[in-house]
Amino acid sequence: MYLVVSIYNFCYFLFQTYIMTEHLRISGMYWGLTALDITHNLHKIDKEEVLSFIKQCQHECGGIGASILHDPHLLHTLSAIQILCYYKALDTINVEKVVEYIKNRQKDDGSFEGDKWGEIDTRFSFCAIASLALLNRLNEVNIEKAVSFIKSCMNFDGGFGSKPGSESHAGLIYCCLGTLSITGHLHIVKADELGWWLAERQLPSGGLNGRPEKLPDVCYSWWVLASLKILGRLNWINTNKMINFILYCQDAETGGFSDRPGDMVDPFHTLFGLSALSLLGYTKADLKTINPTYCMPQYIMDEMNLKPDRLD
Ligand SMILES: COc1ccc(S(=O)(=O)N2Cc3cc(C#N)ccc3N(Cc3cncn3C)C[C@H]2Cc2ccccc2)cc1
Ligand SMILES: [Zn+2]
């Protein structure tokens, strides 16, 4: 009796999870497919199923939503373009229309809104610039104004926030450095001050937090380490203690990674834990090299001849 009930409960849990994550489906696909690729498992996924799903998510306006019939947004438009690069299948979508959608998101001050409802955030600057760079259409937007907006978000500590005057946050620092790396404007960064702020994220546990006084979290391993790699200062943190913290966050049963040891695993933290281990040169797992600017396998960037700036 228990077996039947437990199978029913598990199936209901899977159905519930599938429904509950619909709002981030295409980004979840990017996190899962990237984790599979850097662990040499991308071939286990049906390419045509992925391409067919992405095609159904593009709207008439050119933007791409998180799932079928979900409103378009720059976050999910970038995830879709990243996935299509893995399969060399950018022609799956209407490229002219998606370029038009992204162009229309830039405001007069150079910032980008995430969708037509107008939320401004440096995360969306990165999504727009990375998407256009992957499409080889960077010239379609005003780069000088985009960089000027990023510069207006730089704080006294060398970090960046979501908007001018917002506090420095590791995730947003990564988005701003990624934008500057792609557009070739890293020279505006106060590299030593920012490198120091990022290195200060490491706690006695070896884990990294996203802001002072916060708890460590595996996803910050990626935001902070990728930023330090772009700044050429990755050696400013204790590598061995960082690796141990990430490995403590891997679940022995599922193999996935959680935000902190003992928590529920998920595709988001699994990708960023694996990607951080790759950046750190963890050789006990056979991981492909990851590009710190795009969070995509380096071999894809090489095939697309994309060389984002680095300070090292
Ligand atoms: C479980 O509750 C959530 C909460 C939010 C989200 S979300 O808005 O879609 N999103 C992506 C995300 C995906 C997963 C997975 N699978 C898990 C968490 C998580 N967070 C939340 C998080 C991560 N570290 C600690 N916290 C609390 C970030 C968030 C914002 C984000 C989106 C894209 C890129 C970077 C960051 C999803 C699930
Ligand atoms: Zn996290």
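Every number here is computed from the coordinates shown, using simple stated rules; none is lab data. Bear in mind that the values here come from a model prediction, so they are computed numbers and not experimental data. Ideal geometry is used to build each Cβ from the backbone, glycine not excepted, and the neighbour counts take in all protein chains shown.
Here are a few things to note about the model shown:
- Judged by the mean number of other Cβ atoms found within 10 Å, the most tightly packed of the peptides 33-40, 109-116 leads the ranking 33-40, 109-116.
- Residue-count net charge about Gly178 - beta-carbon cut-off 13 Å; Lys, Arg +1, Asp, Glu -1: +2
- Alpha carbon centroid spacing (whole Å) that separates segment 244-303 from segment 167-194: 22
- In segment 232-312, taking the dipole from charged Cβ atoms about the Cα centre, the farthest positive-side position among Ile246, Thr270, Pro308 is held by Pro308.
- Converting phi to 3J(HN,Hα) with the Karplus coefficients 6.51, -1.76 and 1.60 and the offset θ = phi - 60°, segment 54-60 yields 4, 4, 6, 8, 7, 8, 4 Hz in sequence order, with x at every glycine or proline.
- Semi-axis lengths, largest first, of the ellipsoid equivalent to segment 49-130 are 21, 12, 11 Å, with √(5λ) applied to each eigenvalue of the Cα gyration tensor.
- Cβ charges +1 (Lys, Arg) and -1 (Asp, Glu), total dipole of the chain, debye: 440
- Unit charges on C-beta of K, R, D, E only; dipole of segment 144-196, Debye: 200
- Sum of -39500 (n - 2.57) over DSSP H runs of 4+, divided by residues of the chain (222 nm, nearest 500): -15500 deg cm²/dmol
- What separates the Cα centres of segment 107-142 and segment 45-62 is a distance of 22 Å.
- Share of alpha-carbon pairs per 10 Å distance bin for the chain, given as whole %: 6, 27, 35, 24, 7, 1, 0
- Spherically averaged projected area in nm², based on the convex hull that wraps the Cα atoms of segment 191-304: 7.3
- Taking the Cα centre of segment 28-172 as origin and assigning +1 to Lys and Arg Cβ atoms and -1 to Asp and Glu Cβ atoms, the resulting dipole is close to 200 debye.
- Cut-off under 5 Å, modelled amide H: who pairs with Glu119 long-range: Gly114
- Gain on full stretching of the segment that runs from Val95 to Asn305 - 0.36 nm per residue minus C-alpha separation: 73.7 nm
- With neighbours defined as other Cβ atoms within 10 Å of a residue's Cβ, the residues Glu200, Glu253 order from fewest to most as Glu253, Glu200.
- Alpha-carbon spread of segment 173-227, three principal axes, descending order, Å: 35, 20, 14
- Kirkwood Rh, angstrom, segment 24-72 [1 / mean 1/r, Cα pairs]: 11.4
- The length gained on full extension between Asn104 and Lys145, counted as 0.36 nm times the residue separation minus their Cα-Cα distance, comes to 13.3 nm.
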